[in-house]
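> Below are the structure tokens for one structure; questions will follow.
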Amino acid sequence: MSKEDPNPSEWQTKKHALRYLSRAHKLPHRTEAENVLLDQIPHGVQRVLDLGTGDGRLLSLVLDRHSSVKEAVALDFSEPMLAKASIRYQEDKRVRIVRHDFSQPLPEDLGCFDAIVSSLAIHHLTHERKRQLYLEVFRHLNSFGVFCNFEHVSSPTENLHRKFFLAIGQLPEKEDPSNKLLDVETQLQWLREIGFVDVDCFWKWLEIAVIAGFKP
Ligand SMILES: C[S@@+](CC[C@H](N)C(=O)[O-])C[C@H]1O[C@@H](n2cnc3c(N)ncnc32)[C@H](O)[C@@H]1O
């Protein structure tokens, strides 16, 4: 954890990060959602950015599916997560690990990407910052690039919210306090307003969804 940070997120603690990683594979339908996300990435992509990469799980799937990738950036602000990602990618010269808090603007020097992906990370931002980040994502995409976000979204009713938590084996009362869930429709609308095309929710099960859009 950074000593300079007066308000560290729970994600920057080893306990929280490792607890998530020990359960990540147990999320129902996860593989299905990840495959739908991978299907949206065009053939031949060369530069890929993973926002909130954690231990690099999603980026690894992208690299496995797309041998065309020449350079990938794994971005996160959690030292324990980045330590895990560094171990995963120590032999892979294509991957650069970047420590950055995406509640702040994305560094300009990241450059532009053919695909920007994210998994279960952006919902930790305020809604205002989510929208701003989507705009920055658009600016950091090459033409015909894609943004794919496998995300934890809000339920339309409290009953469905409880149903989701029970389905994943957790009590709603124990929900991660850093969650700032937002409905799918609002996020799709934002992407369209920003200029993305072919925007859609490509997959959804209760509170997890894959949303994506392309830069013309
Ligand atoms: C639920 S984990 C998901 C990790 C990984 N994407 C996966 O699917 O397994 C959320 C990730 O988002 C990162 N994260 C949350 N807020 C962030 C922020 N403001 N800036 C950068 N990363 C953030 C956390 O450190 C954590 O690695």
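Just so you know, all these numbers are worked out from the coordinates, no wet-lab data involved. Please read all numbers here as calculations on a predicted model, not as lab measurements. With ideal geometry, Cβ positions are generated from the backbone for all residues, glycine too; neighbour counts draw on all protein chains shown.
Condition check ((1) near the ligand (Cβ under 9 Å from one of its atoms); (2) within 19 Å of His140 (Cβ to Cβ)) across all residues:
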position: Pro28; (1), (2): no, no
position: Glu34; (1), (2): yes, no
position: Gly54; (1), (2): yes, no
position: Pro80; (1), (2): yes, no
position: Arg88; (1), (2): no, no
position: Val98; (1), (2): no, yes
position: Leu106; (1), (2): no, yes
position: Leu110; (1), (2): no, yes
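Yes or no, residue by residue, for (1) among the aromatic types (Phe, Trp, Tyr); (2) surrounded by fewer than 14 Cβ atoms within 10 Å (Cβ to Cβ); (3) more than 12 Å from the ligand (Cβ to nearest atom); (4) part of a strand (DSSP E or B):
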| position | (1), (2), (3), (4) |
| --- | --- |
| Lys93 | no, yes, yes, no |
| Ala115 | no, no, yes, yes |
| Leu133 | no, no, no, no |
| Val137 | no, no, yes, no |
| Asn142 | no, no, yes, yes |
| Phe147 | yes, no, yes, yes |
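> Please specify each residue of region 64-81 satisfying the condition of being part of a helix (DSSP H, G or I) and either among the basic types (Lys, Arg) or out of contact with any Gly (no Cβ under 9 Å at 6 or more places or on another chain) (or both). Show your work before the answer.
Pass one, region 64-81, residues part of a helix (DSSP H, G or I): 64-65, 79-81.
Once the filter is applied, which keeps residues that are part of a helix (DSSP H, G or I) and either among the basic types (Lys, Arg) or out of contact with any Gly (no Cβ under 9 Å at 6 or more places or on another chain) (or both), region 64-81 yields Asp64, Arg65, Glu79, Pro80.
> How many residues does region 18-63 hold that are outside any helix (DSSP H, G or I) and farther than 30 Å from Gln170 by Cα?
Total satisfying the criteria: 10.
> Okay, moving on. Can you confirm whether region 187-202 contains a residue that is out of contact with any Cys (no Cβ under 6 Å at 6 or more places or on another chain), surrounded by fewer than 13 Cβ atoms within 10 Å (Cβ to Cβ), touching a residue at least 60 places away in the same chain (Cβ under 8 Å) and not aliphatic (A, V, I, L, M)?
no
> Oh, and also: Does Ala72 satisfy the criteria of being buried (at least 22 other Cβ atoms within 10 Å of the Cβ) and touching a Ser or Thr at 6+ places or on another chain (Cβ under 7 Å)?
For Ala72, the condition - buried (at least 22 other Cβ atoms within 10 Å of the Cβ) and touching a Ser or Thr at 6+ places or on another chain (Cβ under 7 Å) - is not met.
> List pairs: first residue in region 147-175 and more than 25 Å from Asp50 (Cβ to Cβ), second residue crowded, with 16+ Cβ neighbours inside 10 Å and acidic (Asp, Glu) anywhere in the structure, Cβ distance under 6 angstrom, at least six positions apart or on different chains.
Cβ pairs passing all conditions: Ser155/Glu207.
> I need a count of the residues in region 71-91 that are charged (D, E, K, R), touching a strand residue (DSSP E or B) at 6+ places or on another chain (Cβ under 8 Å) and farther than 21 Å from Lys15 by Cα.
Number satisfying all stated conditions: 1.
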